[in-house]
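Report on one structure; see the data block that follows.
The numbers here are math on the coordinates, done by the rules we state, and not lab data. Just so it is clear, the structure is predicted and the values come from calculations on it, not from any experiment. Reconstructed Cβ throughout: ideal geometry from the backbone, glycine too, with neighbour counts over all protein chains shown.
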Amino acid sequence: MTRINPFGRLWRLARGALWPLPLLAVTLAVAVGVMLPLLDERLGTADEGSPLASVFGGGPAAARDLLAAIAGSLISVTGVTFSLTVVALQLGSSQYSPRLLQTFVTDPVVQATLAQLTGTFVYALTVLRTVRTSEATLDGSAFVPRLSITLAFLFSLGSVAALVVFLGHLARMLRVETMLRNVHDEAVATIERTADDPDDAPPELPAGPGTPVEARASGFVVAVDEERLVAEARDRDLVVVLRPRMGDSVVAGTPLAHAWVRAGGPVRDADELAEVVTGAVALSYERTPEEDAAYSVRKIVDIAGRALSPGINDPTTAVHALSHLSALLGDMLPRHSPTLVRRDADGVVRLVVHRWTSGELLRLGLEETLEYASGQPAVLRRIAGLLRELAWRVRGHGLDRDLDVLVERTTSLAVETTAIDDREAALWRSGVEDALAGRWSVAPEPHRRPSAQDAPAG
């Protein structure tokens, strides 16, 4: 069962932000910059006879100059890095999809680079304050934390390496193929976490319409504390049905769930129950991919739709996106259940959570894409190939009718808006029908235009 706690909520907020890792690096840099000079002084690295005196051979003036150069250069590099990050975010938002910004911000290379640069800058400043010249002290003694300065030099070399890696990583991140791969990977991880037995039949609910449980807050559903809801339902002898799916928008004052008393009669303390249910359903101002694989489908559809817009007109990107969509839906649909049923220790059904049905996921992936694919033969051929691939992978799961409707719509759109003829469209239909029947012909391919050699003899 999923359980939500304050630390889990904090972790989700931290993962979706750019600042946590750099802030941690700054904190550690201050701590090391304060403690290491104390160790320097205890070891006597400023003494000429010390075995550590060779790590940095300069005096106080040289130490100040070096630390000031490290700090000054790194704050400039950090500003440039932030600028490049903002430019990348703007480019990804305008050309691909605003929802891809979340993936970019949580990228570990971006966060680690900013942490390295800011941490080195703060460390150099912190150590700089400990360097003392003989003129600045009452007893005329100077102090140069040689070990600390050497570490600052090594940190600066690491910062240069991090900057080079970041620039190469940024160039890869801005490629749409990389973005599609990242979205695909996050969806696969979500499917592995949330997959369940798709053969579970939905339970029979008590008679009657049930008591509506109104939401006390607004936002997108990002997680559900199933354990808490099951415990609350058992204590009250209830069956609770959560209506919104993962990723759906909830508006305060509207029904969030419905509840039935198993023994019959009205639900008592409905206001208290509403507080408990709202507290057990995590709401956020944006969708997150941790429990919501449909959100990843939404991102891929956005990329395909933006690629097919008149301002961009990039059907090749749409074809690549459809390939990822085919693989993703093929992984999701055979392992997907439209309802999630949770029972108490006695085996009594206490919680039913509605989820995306397989038909809804198909429509989410292809409905808008077909609207945008008018007049795009390459995209329509890839959609036909996608339907054939899905037909093969989900045969026997009750999606025959949905796939037939989609392939009919695809063929009609192709014949009406492109030079694709009825004969090629008929091959698309037969390809899907054969795949549903467990047959996969090797030629002609559904996406290949038939030639004279494909005509029957005689």
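For the pair S430 and S93, how long in nm is the line joining their label points, each one 7 Å along Cα→Cβ?
5.1
From the mean inverse distance of alpha carbon pairs (Kirkwood) and the Cα radius of gyration, derive Rg over Rh for the stretch 335-380.
Radius of gyration relative to Kirkwood radius: 1.35.
Over what distance in Å are the Cα centres of the stretch 301-353 and the stretch 62-82 separated?
After rounding, the separation between the Cα centres reads 46 Å.
With no solvent and one point on each alpha carbon, what is the Debye value of log10 I(q)/I(0) for the stretch 98-196 at q = 0.10, 0.22, 0.23, 0.24 Å⁻¹?
-0.49, -1.08, -1.13, -1.17
Take each uninterrupted DSSP H stretch in the chain, measure its Cα extent along the helix axis, and return the ones at 30 Å or beyond whose mean Kyte-Doolittle hydropathy is at least 1.0.
The answer, listed by residue number, is 20-43, 60-95, 146-173.
Using the number of other C-beta atoms within 10 angstrom as an exposure proxy, rank T178, T410, T190 with the fewest first.
T178, T190, T410
Please arrange Y285, Y123 by how many other C-beta atoms lie within 10 Å of their C-beta, fewest to most.
Y285, Y123
Kirkwood hydrodynamic radius of the chain from all distinct Cα pairs, in Å?
26.7
Divide by every residue of the chain the summed helix terms, -39500 (n - 2.57) for each DSSP H run of at least 4, and state the resulting mean residue ellipticity at 222 nm, rounded to the nearest 500 deg cm²/dmol.
Calculated mean residue ellipticity at 222 nm is -19500 deg cm²/dmol.
List the residues, sorted by chain then number, that are 5 or more residues from A223 or on another chain and whose placed amide H is less than 5 Å from its amide H.
The list, which skips near neighbours in sequence, is A282.
Among L351, V240, G44, which residue has its Cα positioned farthest towards the positive end of the charge dipole of the chain, with +1 placed on the Cβ of Lys and Arg, -1 on the Cβ of Asp and Glu, and the dipole taken about the Cα centre?
The one lying farthest along the dipole's positive direction is G44.
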